[in-house]
Amino acid sequence: MNYTQENLLQQLMLSDLSDDSNGELISIITSELDDAEGAEKHNPDSLPLLPIRNTVLFPGVVIPITVSRKKSVRLVRKAYRGDKTVGVVAQKNMLAEDPAQEDLYQVGTMAKILKMLVLPDGNTTIIIQGQSRFKIEEVTQEEPYMVAKVSYCPETFPKKNSKEVKALVESLQEAAAKILKLNPEIPQEAQVALDNIDSPSFLTHFLSSNINAEVSQKQKLLEINDGVERGTTLLQLMIREIQMLEIKQEIHSKVHTDIDEQQRDYFLRQQIKVLQDELGMEGPEQEVEKMRAAALKKKWPEPVAKHFNKELDKLTRLNPQAAEYPIALNYCEFLLDLPWNDYTKDNFNLKRTKKILDADHYGLEKVKERILEYLAVLKLKNDMKAPILCLYGPPGVGKTSLGRSVAKALGRKYIRIALGGVRDEAEIRGHRKTYVGAMPGRIISQIKKVGSSNPVMILDEVDKLNSDFRGDPSSALLEVLDPEQNHTFADNYLEVEYDLSKVLFIATANALDTIHPALRDRMEIIEVTGYTIEEKTEIAKRHLLPKLKEDHGLLAKDVAFSTAAIQKVIEDYTRESGVRNLERKLGAVVRNIAKSKAMEEQWPAKLEPKDVVRILGPEIFDKELYQDNETAGVVTGLAWTSVGGDILFIESLLSRGKGKLTLSGQLGDVMKESAITAVSYLRARAEEMGIDYRLFDQYDLHIHFPQGAVPKDGPSAGIAIFTSIASVFTQRKVRSHLAMTGEITLRGKVLPVGGIKEKILAAKRAGIKDVILCQKNRKDVNEISAHYIEGLNIHYVDRVDEVLDFALLPEKVAKPLDLRVREDAMPTTQADI
């Protein structure tokens, strides 16, 4: 019997009702029960329903109930002020806070509230006594509490003096006494209560209420009208409880012996094992067999199957108490959870893939083309080893998000592993499982997590790997990223080879010089140079602004951005290759509009550049524009920066001196060498160009690059420097609206340079009309969309003579330079430079 704290609370709270003993209490219950059974005419046709959880109320039984739900509190308080009668019904759904009719059993017990107490915590506790059983016919009211029309269930019980009833009552009393004897947790006072019950009907109700059974089983007992049938069913439940108590006692007697503290834990586990056997629960042996059965369904290689079965055999020989047991168990479970030869099906609809890539990313044509080529070959051959792509470029250009788009286009699972700051080789290869706290590497762990052996895996920031005394993660990645080796990748924890050849690895990096040379050799480098202003404008229109409006609670129709306003933000408030700062600045503008909308203020329906200045304040960056001049020696060059292309001015000036060369403008070594090369070539060709050689000894040359605070370096300014010093020595002005880029040699050849796309677009933005490039840069210009270079005249050259023929105007801007004989005039030396 379940003679628990609830029963003790029942007795304790009833003590306030009477000073008499428990025996008198039982007689009160019994007499009131008899009155209830014989006074059917006093049973109301309609009852307010009080749902209860985790218990069933039987006629004649007194139980305390804590009422906390609002409906129930209202019902109880009103009933207590009235006839104190309620209909108590058990809930089918224990989780329902506001139960409907379908959540309740249809048979309940009419009860009287004997006492109501309001506890200090605000809850209301009532003591109720069951009266008569009823059946719900119809719910007539839902609010403020449930009221139902009911019909009462007749109690059919033979006379208590019949032989059948006597035998049943004696059997129930014997069973109850045996339970009291076997279960030491039940107070012996319960036997006194049983001895004072002489009504067979109440005996079955009392024992049914206190039997250790589920609510559904107690409810079945309540619904049985025939008293003998109810008593027989109750006896079966009690005999089952007696058997369980006897088994417990038998197990206890088997393991009860004088043992020391070291053996105590072992015998307790033996008890658990016997209990598991009796109850049919899984023990260690069953768990191992279950894993062995699951292994038969795995599609793993034969060597892996043999290794797994070997590990399982080891597991069966280990004592479950041993420290090695959970380690071995976790290892076997990890082997089972890995998706051996489980692959997702690739979507080879290349047109759909192209649409997804174009929709998610504007520009990046080379990268998209490379992905489509990979898919095309995989579609035709179906067993191509996945290439290792490395997207190299500045931050914020969409390298990481491109991997997510590739996974979506392929229909593969997506994994991202951040490698920035990783120093431990075990992060890649895992720990040996003999170590304390051993774990597999992040590659294998993530594959287990997504449940597929052919995901798209982004190795983010591969250039930021570090090495220390714990090993070199870059070296550990060599096997992962080598298409010739990664089909037999061995994780230290796994101990068996795993096939990574179907994984599409995409690495990202901001710089190549910090990547291990051997690692870089295994990757196909795809440069993502950044976006032009035109591309950033389209990205802002298509992606950034719709996302920002949605994130800030604006509708698409609330505000529009003009193209000029977007370009104003790009050119004057950001200086980057990607679009992260652009998104932040546009977000500041959108937030200002959101504030105006929230405060019901006026705002422009379409933002123009003046509105951007009003919201963001004065411009942060100044862009270089072409500055016309009438002075010889001033040339416009083109430069590539990490935030896009730009123009720069080169100024040369001659002054009386000894042939000294001065360079200023915070130049790097490459640009200094370009200037020295240009001066040397001009001196060698001075006679052909009509320059008196004595000028080099009698005049100092100063070459300056404005914006001296900005560092400058690179091989792109060679022909611009040469044109500048040729202009100042010949006093011929440079053609207006002209810019140039290219390197020169001592033989006068013009060499190709990089960053052509960015430089050409910067020239167009600055108002340049003519651009001089090396002949070998023609292929770079052909890759630029025609509408980007519309209005620009591109002139291709092979030698510096062709540069001067086009760049220098024939007329001189000043009189020729004066020459005079100076005894101290000395040739220019390297020391002077």
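Condition first: touching a residue at least 24 places away in the same chain (Cβ under 8 Å) and surrounded by fewer than 20 Cβ atoms within 10 Å (Cβ to Cβ). Now tell me which residues in the stretch 65-77 satisfy that. If the condition is that a residue be touching a residue at least 24 places away in the same chain (Cβ under 8 Å) and surrounded by fewer than 20 Cβ atoms within 10 Å (Cβ to Cβ), then T66, V67, S68, R69, V73, R74, R77 are the ones that fit.
For D780, state whether it is assigned to a loop (DSSP other than H, G, I, E, B) and of a type in the set (D, E). Judged against the criteria, D780 is not a match.
Take E102 and decide whether it is under 19 Å from Q219 (Cβ atoms), within 44 Å of the chain's Cα centre (by Cα) and acidic (D, E). Quick ask: steps written out before the conclusion?
Details: under 19 Å from Q219 (Cβ atoms): yes; within 44 Å of the chain's Cα centre (by Cα): yes; acidic (D, E): yes.
So E102 fits the description; yes.
If the condition is being more than 19 Å from K345 (Cα to Cα) and of a type outside the set (V, I, T), then the stretch 488-506 contributes F489, A490, D491, N492, Y493, L494, E495, E497, Y498. For the stretch 106-140, what are the residues that are surrounded by fewer than 21 Cβ atoms within 10 Å (Cβ to Cβ), in contact (Cβ under 8 Å) with a residue 24 or more places away in the chain and farther than 22 Å from S201 by Cα? Within the stretch 106-140, K115, M116, L117, L119, N123, T124, T125, I136, V139, T140 qualify.
May I ask you to say which residue of G659, G718 is surrounded by 15 or more Cβ atoms within 10 Å (Cβ to Cβ), more than 17 Å from V635 (Cβ to Cβ) and touching a residue at least 24 places away in the same chain (Cβ under 8 Å)?
Numbers: G718 fails: more than 17 Å from V635 (Cβ to Cβ).
The unique qualifying residue is G659.
The test for being part of a helix (DSSP H, G or I) and either modelled with pLDDT of 80 or more or over 21 Å from I63 (Cα atoms) (or both) holds for V228.
The set of residues from the stretch 553-573 being under 19 Å from E619 (Cβ atoms) and surrounded by fewer than 21 Cβ atoms within 10 Å (Cβ to Cβ) comprises S562, T563, A564, Q567, E571, D572. On the stretch given as the stretch 334-383, residues that are assigned to a loop (DSSP other than H, G, I, E, B) and either crowded, with 16+ Cβ neighbours inside 10 Å or not hydrophobic (A, V, I, L, M, F, W, C) (or both) total 17.
Within the set N454, N466, the sole residue that is assigned to a loop (DSSP other than H, G, I, E, B), surrounded by fewer than 16 Cβ atoms within 10 Å (Cβ to Cβ) and among the polar types (S, T, N, Q) turns out to be N466.
Note on the stretch 706-746: residues that are assigned to a loop (DSSP other than H, G, I, E, B), at pLDDT below 90 and under 14 Å from V670 (Cβ atoms) amount to 6. Against the numbered list (1) crowded, with 17+ Cβ neighbours inside 10 Å; (2) modelled with pLDDT of 80 or more, E214 comes up short only at (1).
To keep it simple, each residue is scored yes or no on (1) at pLDDT below 90; (2) closer than 30 Å to A323 by Cα; (3) not assigned by TED's automatic domain parsing to the domain that holds M523; (4) not small (G, A, S).
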| residue | (1), (2), (3), (4) |
| --- | --- |
| G437 | yes, yes, no, no |
| R442 | yes, yes, no, yes |
| G451 | yes, yes, no, no |
| S467 | yes, no, no, no |
| S474 | yes, no, no, no |
| E479 | yes, no, no, yes |
| H487 | yes, no, no, yes |
| Y493 | yes, yes, no, yes |
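For the stretch 662-678, the set of residues classified as surrounded by fewer than 20 Cβ atoms within 10 Å (Cβ to Cβ) and not in a loop (DSSP other than H, G, I, E, B) consists of T662, L663, S664, D669, V670, K672, E673, I676, T677, listed by residue number.
What residue, among those in the stretch 469-503 that are of a type in the set (S, T, Y) and in a helix (DSSP H, G or I), is farthest from G396 (Cα to Cα)? I'd like the intermediate steps shown before the answer.
Keep residues of the stretch 469-503 that are of a type in the set (S, T, Y), which gives 474-475, 488, 493, 498, 501.
From what is left, the residues that are in a helix (DSSP H, G or I) are 474-475, 488.
On the way: S474: 24, S475: 28, T488: 35 Å.
Looking at the filtered set, the residue picked out is T488.
Scanning the stretch 485-512 for residues that are out of contact with any helix residue (DSSP H, G or I) (no Cβ under 8 Å at 6 or more places or on another chain) and free of Cβ contacts under 8 Å to residues at least 60 places away in the same chain turns up just one, T488. Assuming D700 fulfils every condition listed in (1) at pLDDT below 90; (2) over 25 Å from E743 (Cβ atoms); (3) of a type outside the set (G, A, S) apart from one, which condition is it? Every condition holds for D700 apart from (1). A single member of I760, I789, I794, I784 is at pLDDT 90 or above, within 54 Å of the chain's Cα centre (by Cα) and of a type in the set (A, V, I, L, M, F, W, C), and it is I794. Just a yes or no: is a residue in the stretch 697-711 in contact (Cβ under 8 Å) with a residue 12 or more places away in the chain and hydroxyl-bearing (S, T, Y)? Yes - at least one qualifying residue is present in the stretch 697-711. Check whether at least one residue in the stretch 736-752 is without any contact (Cβ under 8 Å) to a residue 40 or more places away in the chain and of a type in the set (A, V, I, L, M), and report yes or no. Checking the stretch 736-752: at least one residue is without any contact (Cβ under 8 Å) to a residue 40 or more places away in the chain and of a type in the set (A, V, I, L, M). Give the residue, chosen from E576, E534, that is within 23 Å of T641 (Cα to Cα), part of a helix (DSSP H, G or I) and touching a residue at least 60 places away in the same chain (Cβ under 8 Å). Unique residue meeting the criteria: E534.
Scanning the stretch 579-605 for residues that are under 18 Å from I566 (Cβ atoms), assigned to a loop (DSSP other than H, G, I, E, B) and of a type in the set (A, V, I, L, M) yields a total of 2.
In the stretch 765-775, the condition of being small (G, A, S), buried (at least 19 other Cβ atoms within 10 Å of the Cβ), in the same structural domain as W640 (by TED's automatic domain parsing) and modelled with pLDDT under 90 is met by at least one residue.
The values are calculated or read from the model by the stated rules, or taken from the named source; none is laboratory data. Since the model is a prediction, treat every value here as computed from it, not as a measurement. Cβ sites come from the backbone with ideal geometry, for glycine too, and all protein chains shown count toward neighbours.
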